[in-house]
Every structure is written in C-alpha cells, then in structure tokens.
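**Q** Got a structure here, written out as structure tokens. Questions coming.
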Amino acid sequence: MIATDILNQQLSSEKSSELQSKTPSMKNHRIYKANLNNHTLKHEINKKRNAKEWTWYSFDFLIKGDTVLRQQRMILNFSKNIQKLELVYFTSAVTNSGFNHLSSGLERLACLREFRLRLSPCLSVTDKGLYYLGRSLKQLRNLKSVSLSFRGRFHITDKGILNLSKGLRTLGSLQNLDLCFFACHKITDVGVNSLSEGLKDLKCLEKISLDFSKCGEIMDRGMKCLEKLLKRLGNMLRKVQLELGSLKSEK
C-alpha cells in the first residue's frame, strides 16, 4: 500500500470519528462513503420518494464529490415531499459544478421548511457555488429555517455574499437564520453590507446567528451595517448572536 493510500485512510478515519463525536445520533443516519451504483441509486430514489426528512453525510476523501452531488440531485428530483434536509460534506472533492447539480435538485423541493448545509473543507467552492445556491433559494419561498456553514472557504469573496444574499432576501417566511463564514478572509465590509441589505426586509425573522470570526478584512463599517440591520429588524428578533473578528455579541 502506497503512502498516499495510507494517508487518505487515516484522514477518512479521523473525519469519521470527528463527525460521530459531534453527532450523537449518527447511528440513525446513513453515511455515504462512496458514490452509488445504479441499483443502489434506484433503491434510494424509491426509499426517499415519500420521505419528509433526509440527512446525508459524506466524508470520504477518496470519492468524487461532484458525482455524489449529481446523484443527490437525481434523488431529490423524486423527493418532492421533503420538509427537512441536512447535507454535510467532510470532503475536499466538492466543486462549483457539484453545487450546480445540488441547486437543480433543491429548486424542486416546494415543501422544504428546514435546510442545513455544512462544508468542510470543500476548498474548491467559490463565489460561483454561492451563486448556484442563491439561485435555488429563490425557488424555496416556504423555508422557515436556514443554516449554512462555509468555514474557511478561502475563495469566497464579497461577490459570493452578494450572490447568496439575493436568494435569502426572497425568503419572506424565514424565521431562523444561521450563517457561518469563519476564516473566509476575503470577505470585507462590502460583503457584510450586501448581506445586511439582503436581510433587512425579512419581517418574519425571529432568530439570527452570523459568524464572521477571523475575517480580518471586516472593519468598523461592517459592524455598523450589522447594527443598522438589527435596529431595523427591531422587536421581531427573539435571539441574536454575532461574531465579527475578535468581537462577539449575543442577546
């Protein structure tokens, strides 16, 4: 066995242990470590056809991440009753192309109420990937809860935040929003302003969590934009958590 194979196995094992430690109920969920063959894919389509909740964890460094997302799109095309969807990718193999596949599947989920997406590390996802995601959000007008984590996405810039904000601003029924851009160091005050503008008219929003920790290009102007946003949303908010650079605020 060559050294790279050993390293990949170790990385997969470490990610598996990390995922299981962070998710106590993991035994109730399927972990996808490889792309599905045609027989298994048909089985998943039939099984998910009437499902209302779906959780998908992918953490294998050896798979082609975009292949997995393309298969997910095919399953989602036949899973129009899903109300709660959670997707977690602990793999570096996902790219913007995979996000395009995922977006096409999400757009058909008219019943979706809760959506959670977590990427780590997925270093090939850029502003274009957030454009695809924002495009799909425009079709999901019934969403009440959205949680998106892009920790350490070094290629995400202010343009990506703008792309995402265009989708978020259409979610008139949104009650709970959790966004994490930890260590996305190319995001500046301009991106924070775009996000604030996108969220300012969400009249049903009750809980909001925004994490811009270790985004070193965000200065006082960005903080003022968020303060203005919170003031505009006013008494509607029951819970607020903000992390910006070395500053942390919770209410």
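The values are calculated or read from the model by the stated rules, or taken from the named source; none is laboratory data. Note that the coordinates shown come from a computational prediction; the quantities given were computed from them, not determined experimentally. Cβ coordinates were reconstructed from backbone atoms using ideal geometry, including for glycine residues, and neighbour counts include every protein chain displayed.
**Q** Could you please let me know if Leu85 is under 13 Å from the mean Cα position of the chain (by Cα), surrounded by 21 or more Cβ atoms within 10 Å (Cβ to Cβ) and more than 20 Å from Leu162 (Cβ to Cβ)?
**A** Taking the combined requirement at face value, the residue satisfies it.
Yes or no, residue by residue, for (1) in a helix (DSSP H, G or I); (2) buried (at least 17 other Cβ atoms within 10 Å of the Cβ); (3) touching a Pro at 6+ places or on another chain (Cβ under 8 Å):
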site	(1), (2), (3)
Ser103	yes, yes, no
Ala110	no, no, no
Phe115	no, yes, no
Leu133	yes, yes, no
Leu140	no, yes, no
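**Q** Still on this structure: Within the range 129-159, can you find the residues that are charged (D, E, K, R) and either more than 19 Å from Thr188 (Cβ to Cβ) or out of contact with any helix residue (DSSP H, G or I) (no Cβ under 7 Å at 6 or more places or on another chain) (or both)?
**A** Arg135, Lys138, Arg141, Lys144, Arg151, Arg153
**Q** Something else: Could you list, in sequence order, the residues of the range 129-160 that are within 19 Å of Val94 (Cα to Cα) and of a type in the set (A, V, I, L, M)?
**A** Selection gives Leu130, Leu133, Leu148, Ile156.
**Q** Another one. Any idea which of Leu226, Leu199, Leu164 is surrounded by 19 or more Cβ atoms within 10 Å (Cβ to Cβ), free of Cβ contacts under 8 Å to residues at least 40 places away in the same chain and more than 21 Å from Arg113 (Cβ to Cβ)?
**A** Every option except Leu226 fails the conditions.
Per-residue answers, yes or no, for (1) farther than 22 Å from Asp127 by Cβ; (2) among the charged types (D, E, K, R):
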residue	(1), (2)
Ser173	yes, no
Phe181	no, no
Leu195	no, no
Cys204	yes, no
Lys207	yes, yes
Met223	yes, no
Leu230	yes, no
Val240	yes, no
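**Q** Tally time: how many residues in the range 157-171 are in contact with a strand residue (DSSP E or B) (Cβ under 8 Å, 6 or more places away or on another chain) and part of a loop (DSSP other than H, G, I, E, B)?
**A** 1
**Q** Now for a different question. Where the second residue is among the aromatic types (Phe, Trp, Tyr) and assigned to a loop (DSSP other than H, G, I, E, B) and the first is under 19 Å from Leu85 (Cα atoms) and free of Cβ contacts under 8 Å to residues at least 40 places away in the same chain and lies in the range 111-137, which pairs have Cβ atoms under 7 Å and are six or more apart or on separate chains?
**A** Pairs that qualify, where the first residue is under 19 Å from Leu85 (Cα atoms) and free of Cβ contacts under 8 Å to residues at least 40 places away in the same chain and the partner is among the aromatic types (Phe, Trp, Tyr) and assigned to a loop (DSSP other than H, G, I, E, B), are Ser120/Phe90.
**Q** Would you pick out the residues in the range 172-214 that are among the aromatic types (Phe, Trp, Tyr) and in a strand (DSSP E or B)?
**A** Of everything in the range 172-214, just one residue is among the aromatic types (Phe, Trp, Tyr) and in a strand (DSSP E or B), namely Phe212.
**Q** Working only within the range 45-75, note down all residues that are at pLDDT 85 or above and not in a strand (DSSP E or B).
**A** Lys52, Arg73 - these are the residues of the range 45-75 that are at pLDDT 85 or above and not in a strand (DSSP E or B).
**Q** Determine, yes or no, whether Gly167 is touching a helix residue (DSSP H, G or I) at 6+ places or on another chain (Cβ under 7 Å) and within 22 Å of Gly129 (Cα to Cα).
**A** Yes, satisfied.
**Q** Residue by residue through the range 104-126, note down the ones that are charged (D, E, K, R) and either farther than 17 Å from Cys180 by Cα or modelled with pLDDT under 95 (or both).
**A** Matches in the range 104-126: Glu107, Arg108, Arg113, Arg118.
**Q** Let me ask something else about it. Working only within the range 146-161, note down all residues that are buried (at least 18 other Cβ atoms within 10 Å of the Cβ) and closer than 23 Å to Ala51 by Cα.
**A** Hits for the range 146-161 are Val146, Leu148.
**Q** How many residues does the range 202-220 hold that are of a type in the set (D, E, K, R), surrounded by 13 or more Cβ atoms within 10 Å (Cβ to Cβ) and over 12 Å from Asn176 (Cβ atoms)?
**A** 3
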